[in-house]
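Input: a single structure, listed below in structure tokens.
Values quoted throughout were computed directly from the atomic coordinates according to the rules given, and no laboratory measurement underlies them. Everything quoted here is computed from the prediction, not taken from an experiment. Using ideal geometry, Cβ is built from the backbone for each residue, glycine included, and neighbour counts are taken over all protein chains shown.
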Amino acid sequence: MILNKPKQRHYDVVILGSGPAGITTALELSKDPALRIAVIESGLLEPHPTIRTLANVDLNGDFPPDYFPMHTQRCFGGTSTIWGGFCAVLERRAFTAQEWPIPYEEVDRWYPAAAEIIELPEKAYRQPTDAIEGTSELVYKPFYLSPPVRFNEKYHAFFQHDPRVDLVLGTTGTRLVSRGRRVTALELRDSLAPRLPPTVVSADRFVLACGGVGNPRVLLLSDLVGQMPVGLGLMEHPHLYAVAQMFLDRDRLPISTEKDPRVVHALQLADSYCIERGVLSFSADFNVEQMAPTVLLGKRREMLLTPVTLRTEIAPDFRNAISSSDQRDYLGLPLPRVDFHYRYRDLALEGWQLFGEALLRSGLGRPSVLQPEFKIRDGGHLMGTTRMGHSMSDSVVDSNCRVHTTDNLYVAGSSVFPAGGASNPTYTIVAMALRLGAHLASLSGGNAHG
Ligand SMILES: Cc1cc2nc3c(=O)[nH]c(=O)nc-3n(C[C@H](O)[C@H](O)[C@H](O)COP(=O)(O)OP(=O)(O)OC[C@H]3O[C@@H](n4cnc5c(N)ncnc54)[C@H](O)[C@@H]3O)c2cc1C
């Protein structure tokens, strides 16, 4: 049901935030007919100019002033209402290098179900990469395009008709109330009535699904930080648009002759190469529209000539952080302070040079320039601020996405990514939310934590 305040005082699971992470967790949990679930969303069915300002931040560093207005949506469906639909599985490298504390298979097994939700072709998970004959240093790893699925449109009827899953709109979660290791209640404010006193809703389990800034913000407001690196290690995907051109031997690329509008071609440094050289993941888009004459390895020939856009990985750096500002929003809550610097120029150049050298060694092609001029742009992907790990000294959530210091508080979304690879995050966010939903459903009926 769609409501403007919770219908009951207590639910089995309360999920805060109705973007892809929150909605997917609710969908998976709703398969258990015994569970009563509430999804609580700060915004309304459509964006509202006043509520929108609740996503304001106190910004310091490299993000441009319009970064947050352009990259946050406070409404039902969250940022899926404006996302571009680029999808690819996360690189295995991050798991092999044990940056993620779970094996890759733990995420991989949820990619097929996630593909159904965001309407990707089977190839997106059955064959996410193709080897290229004659080189082990480069792989073909395309992006698959979701239509893009707008979660608000696709799941409106589900919330309207399911009597066990309440969607509560126009209601902002401000603070979690705890007793010992248990979170007992969530404090709520009417998003459009700042003078009304707060109410509370209680639950057996709570899930934060408020995005990469919203998740650590609620933990900070709830004083649930302790020794954990809450808010630390913010990552983005630096995008370098049309950074250079490259020539490619079309006949050696594992691409079909038929144009597929759901595929964006890309080459990557292979995971094994990145591990060997200690470099981060790095993806280079190309298109197949134009052929041009060139000279490669002393031979004159016709090759594909294409502009290149790079999507790249940055390492988590605890100086990039979300903390509490002394500025406040109209509900009286401290704004999140965002400190972020890319510190990436040299790494991007190194990555591009390694990529160019691998291209030349393979005989597959060559870059137009090895020292390009470039400007780093953002991708709207905020990751790593409630990172997953083994203990509270290095992370905020455990391998089941449970906040270390609690028995019943969980986090969904890319804030749990301890390494973000070079793939857009939403496919993995949805896969991980399915995994979390299934885990929470498996706990229902008992009070065990896990
Ligand atoms: C312009 C743009 C293009 C993008 N393109 C791509 C792409 O091509 N591919 C890709 O993979 N990703 C893309 N992304 C990123 C993608 O949109 C996000 O990864 C995804 O939406 C994150 O899902 P989420 O549910 O974790 O968070 P969100 O979608 O941000 O949802 C969080 C929800 O929580 C609500 N909320 C926040 N705080 C509170 C609170 N205190 N109380 C109640 N509710 C709260 C918000 O209103 C929002 O509805 C793009 C993003 C942008 C901005």
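Structure values in brief
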quantity: Degrees, to the nearest 10: 345-362 long Cα axis against longest axis of the chain; calculated: 40
quantity: Estimated [θ] at 222 nm from DSSP helical runs (n ≥ 4, -39500 (n - 2.57)) normalised by residues in the chain, nearest 500; calculated: -6500 deg cm²/dmol
quantity: Gain on full stretching of the segment that runs from Asn4 to Glu122 - 0.36 nm per residue minus C-alpha separation; calculated: 38.6 nm
quantity: Contour excess over end-to-end distance, with Cα ends at Arg361 and Ile102 and 0.36 nm allotted per residue; calculated: 89.8 nm
quantity: Crossing angle, helix 211-221 versus the chain [Cα axis fit, 0-90 degrees, rounded to tens]; calculated: 40
quantity: Charge dipole (debye, nearest 20) of the stretch 220-337; +1 at Cβ of Lys and Arg, -1 at Cβ of Asp and Glu; calculated: 380
quantity: FRET E, pair Arg179, Phe318, Förster distance 30 Å, beta-carbon r, rounded to 0.05; calculated: 0.50
quantity: Relative contact order of the stretch 2-443, defined on C-alpha pairs under 8 angstrom at six or more residues apart (%); calculated: 24
quantity: DSSP-defined antiparallel bridges as percent of all bridges, the stretch 2-443, nearest 5; calculated: 70
quantity: Residue-span extension gain [Leu297 to Tyr330] - 0.36 nm each, minus C-alpha spacing; calculated: 5.5 nm
quantity: Crossing angle, helix 426-443 versus the chain [Cα axis fit, 0-90 degrees, rounded to tens]; calculated: 40
quantity: Net charge over other residues, Cβ less than 9 angstrom from the Cβ of Ala441 (K, R count +1; D, E count -1); calculated: -1
quantity: Whole-percent pair-distance distribution, where bins are 5 Å wide, for the alpha carbons of the stretch 344-450; calculated: 2, 11, 15, 15, 13, 10, 10, 8, 7, 5, 3, 1, 0
quantity: Gaussian network model of the chain, Cα within-10 Å springs - most flexible of Ala244, Ala34, Ala203; calculated: Ala34
quantity: Most fluctuating residue given options Thr129, Thr426, Thr50, as computed from a GNM of the chain linking Cα atoms under 10 Å; calculated: Thr50
quantity: Residue with peak Gaussian network fluctuation, the chain [Cα springs, cutoff 10 Å], from Pro425, Pro254, Pro336; calculated: Pro254
quantity: Calculated on alpha-carbon atoms, Rg and Dmax of the stretch 2-443 in Å; calculated: 22.3, 76
quantity: Eligible aspartates and glutamates near Lys259 by straight Cα distance, threshold 12 Å, same-chain separation 8 or greater; calculated: Glu289
quantity: Under 5 Å, built H, 5+ apart or other chain: amide partners of Ser324; calculated: Arg337
quantity: Amide hydrogen neighbours beyond the local backbone of Thr184, cut-off 5 Å, H modeled; calculated: Val177, Ser178, Arg179
